[in-house]
Amino acid sequence: FDVPHLSAYGLTVEPKTKLEQQIKTGQFPVLDDDQMINQFKVLIAKTKEIGLTQYEVSNFGKEGFYSQHNSNYWKGEEYLGIGPSAHSFIGQKRIWNVANNIKYIKALSNNEFYSEKETIDEKTAFNEYVLTRLRTIWGVDSDYISNTFNEELNRHFQKEVQPYLTSSYLQTNRNIITLTQEGIFIADKITSDLFFV
């Protein structure tokens, strides 16, 4: 089909759903971690064969077909969301619109405030940068970290990233740190360890 983009996520079984009940009653088996990893390895190999780049852990695309909105999110760039439940990121503020369609339309019609917002502090900005960038081919820029965040966050990052750099899970090219093929499978663990809490 010459698909230019593919997003592939592991299935999450939500509580109080039919699927959860079917798993509980044995109608469907629970997929174990080894099966999921093997399936993901097949997906990575097959998408590479058809010319898709794994530009984010769960996203594959041909050059020029990467998701623009999601890429802005992963790169920490600004984006504007319009409509009920839409999210925006402008400056150091995250803004989200009311989810209810009727309330959204009524507030908009009455020229009233229809969103909530929060200002991102430095610790949150650091954690989000590490979380989103490490999952991508653009990686974490250690120079950006040292030039943007305070000394405490810098020391924390340098200390926590070192064991992964000497393992087979992270690689560095100049100042850019990215996941290796093995690291992709434990990306959540790595980012959790790099978080400043």
- prompt: Which of the chymotrypsin sites (Phe, Trp or Tyr not before Pro) found in segment 110-188 are in a DSSP loop and have at most 14 neighbouring Cβ atoms, other than their own, within 10 Å?
  reply: Phe113
DSSP-assigned coil residues among trypsin sites (Lys or Arg not before Pro) in segment 139-187, each with at most 12 further Cβ atoms within 10 Å: Arg174
- prompt: What accessible area per residue, rounded to a whole number of Å², is obtained for the chain using a probe radius of 1.4 Å?
  reply: 65 Å²
- request: Compute the separation of the alpha-carbon centres of segment 147-164 and segment 1-49 and state it in Å as a whole number.
  value: 35 Å
field: For the chain: relative contact order, % (alpha-carbon pairs under 8 angstrom, 6 or more apart)
entry: 15 percent
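Check each of the GluC sites (Glu not before Pro) in segment 1-104 and keep only those in coil by DSSP with at most 13 other C-beta atoms within 10 angstrom; list them in order.
Answer in residue order: Glu63, Glu77, Glu78.
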message: What does the extension gain come out to for Lys117 and Asn101, with contour length at 0.36 nm per residue minus their alpha carbon separation?
response: 3.9 nm
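Would you mind checking the pairs Lys48/Lys189; Lys16/Lys93; Lys18/Lys117 and listing those with alpha carbons more than 30 angstrom apart?
Lys16/Lys93; Lys18/Lys117
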Gain upon complete extension [Phe40, Glu182; 0.36 nm per residue less C-alpha separation]: 49.9 nm
query: In deg cm²/dmol and to the nearest 500, what is the mean residue ellipticity at 222 nm of the chain if only DSSP H runs of at least 4 residues count, each as -39500 (n - 2.57), divided by the residue total?
result: -12500 deg cm²/dmol
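Which percent of the accessible area of the chain is formed by carbon and sulfur heavy atoms (probe 1.4 angstrom)?
Details: 6870 of 12880 Å².
Ligands and nucleic acids excluded, carbon and sulfur give 53 percent.
The values are calculated or read from the model by the stated rules, or taken from the named source; none is laboratory data. Model, not experiment: these values are computed from the prediction. Note that each Cβ is placed from the backbone with ideal geometry, even for glycine, and that neighbours are counted across all protein chains shown. Accessible surface is based on the protein model in full, side chains and every heavy atom, while ligands, DNA and RNA are left aside. Shrake-Rupley method; radii C 1.70, N 1.55, O 1.52, S 1.80 Å.
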